[in-house]
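Worksheet: the structure to be examined is printed underneath.
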């Protein structure tokens, strides 16, 4: 009798345990299902199949584990499947939630800003902005709101007629006591003016907000919805916030036709000598980024006579964090060469052929141009090699399995785009419905090196690349060919 009572108690405990397991499994399944649906990346037919399959399988497992079978082993088999699936669902839910968070941040509205600095020599007697009340602060170019900011502090400003570099030299030679420059202009002075880096200090920072412009859909055909569109990819040269304006060092136009599954990547050298859309003056393409991403986009529209509905702005120094997260990448080099970092304190040597490199080495590899006879053209190729090697490592199944969330963390805060999340969802759904392979073509614009004055730097002669007319005409035709198929 006592044994029978113990058996009944054990069965009750087992029954409670199985019901608890079944309840937890249902909760995990619901959370998993909601996380997948919330991503909004599955086509309607996939959602239907997924929903039916989940309902059917969940009910089958619950019945299988709770029903009293003639063979108790069936209960244990169903229990084992439930435990295994619960682990899988938790793992996948973690991935989907991380992806959702990443996408929310990527498609968050970001206002571009620019910092302007009041700068004096490091050994000067000035310690705070108020010390300059009786001095004139000179500037080269600065928006009115930024000038007004320091004007409110009773600081007198004057616009120099010299070049930006002359402004920096005059400060270092004590001809003037203070200058007012943007963060980008300050970076240029650090590169161009001897002894400027490390011998100046910032007394005050003013912020200027770049005027937001709504996305213009000038040609209703060239949209993601219609499957034919252009995306401008700008790789900026800053390690700060993605919201800060910066020079556009990597410039790639992606022409996409989802109907024919073709992509054309047109690379444009950073030193291309172009006409600024808003100012009607000549400058290097990289300097268009100083005036905001919209200026870059519109200037390239003018150059190639196309409409660009979308842009993606990428902080290129994110390469360091991403490549290190991946454990390094294997990149191909066309030459033996040595590159250095921005501060020129570290040098990196690369051999012709395959190189296993870390993040800092990848950035140096991508930025070097002085070591090559072909200059910026070879740098574009090297950037493409780094992107290709990184994508291969990212898309490796073992990498995705073990480092997916770390990869997203490395990329977070590094993108800015005007593409809407529902447009990306439309692209993904279309690919899942079709599952066709893509053809990717590449083209690079070329030109001739020359020294020219630029709008952003004034009368100082800078190295520029004068566009080759035949190269530009060829690019226009290739873009047209992709878009009109």
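Which log10 I(q)/I(0) values does the chain give at q = 0.08, 0.09 Å⁻¹ under the Debye formula, counting every alpha carbon as one identical point scatterer? Summing over Cα pairs of the chain leads to -0.62, -0.75.
Remark: relative contact order (the stretch 228-483) = 25 percent; criterion is Cα-Cα distance under 8 angstrom and separation of 6 or more residues.
Extending 7 Å from Cα along the Cβ direction at residue 190 and again at residue 370 yields two label points whose distance is 1.6 nm. Using alpha carbons only, how many degrees (0 to 90, rounded to 10) separate the axis of helix 183-192 from the longest principal axis of the chain? Computed tilt is about 60 degrees. Between residue 432 and residue 63, the FRET efficiency from the beta-carbon distance, with R0 = 35 Å, is close to 0.65.
A full extension of the chain between residue 24 and residue 122 corresponds to an added length of 28.8 nm, given 0.36 nm per residue minus the alpha carbon distance.
Among beta bridges from DSSP that stay inside the chain, the antiparallel ones total about 70%. Quick check on the stretch 376-485: take the gyration tensor over C-alpha atoms, sort the square-rooted eigenvalues as a ≥ b ≥ c, and tell me if it's rounded (a/c under 1.5), prolate or oblate. Taking the square roots of the gyration eigenvalues as a ≥ b ≥ c, the stretch 376-485 is prolate.
To the nearest 10 degrees, how steeply does helix 2-39 sit against the main Cα axis of the chain, on a 0 to 90 scale? Roughly 30 degrees between the two axes. Relative contact order for the chain: 16 percent, from Cα pairs under 8 Å spaced at least 6 residues apart, divided by residue count. Would you please state which residues of the stretch 258-282 a label at residue 471 would reach in this model, taking the label point 7 Å out along Cα→Cβ and a backbone N cut-off of under 13 Å? Residues 267-274 fall inside that zone. Working from label points 7 Å from Cα in the Cα-to-Cβ sense, the residue 34 to residue 211 distance is 4.5 nm. Listed peptides 332-340, 228-236 appear in the order 228-236, 332-340 once ranked by packing, highest mean of other Cβ atoms within 10 Å at the front. Relative to the longest principal axis of the Cα atoms of the chain, the long axis of helix 469-483 lies at roughly 20 degrees. Per-peptide packing, taken as the mean over residues of other Cβ atoms within 10 Å, places 257-269, 445-457, 79-91 in the sequence 257-269, 445-457, 79-91 from highest down. Counted residue by residue at 0.36 nm each, then reduced by the alpha carbon distance between them, the extension gain from residue 94 to residue 158 reaches 17.4 nm.
Read-outs: derived from the displayed coordinates by stated rules, not from any lab. Predicted model, so just to flag it, every value in this text is computed and none were measured. When we count neighbours, we look across all protein chains shown, and the Cβ atoms used for this are built from the backbone with ideal geometry, even at glycine.
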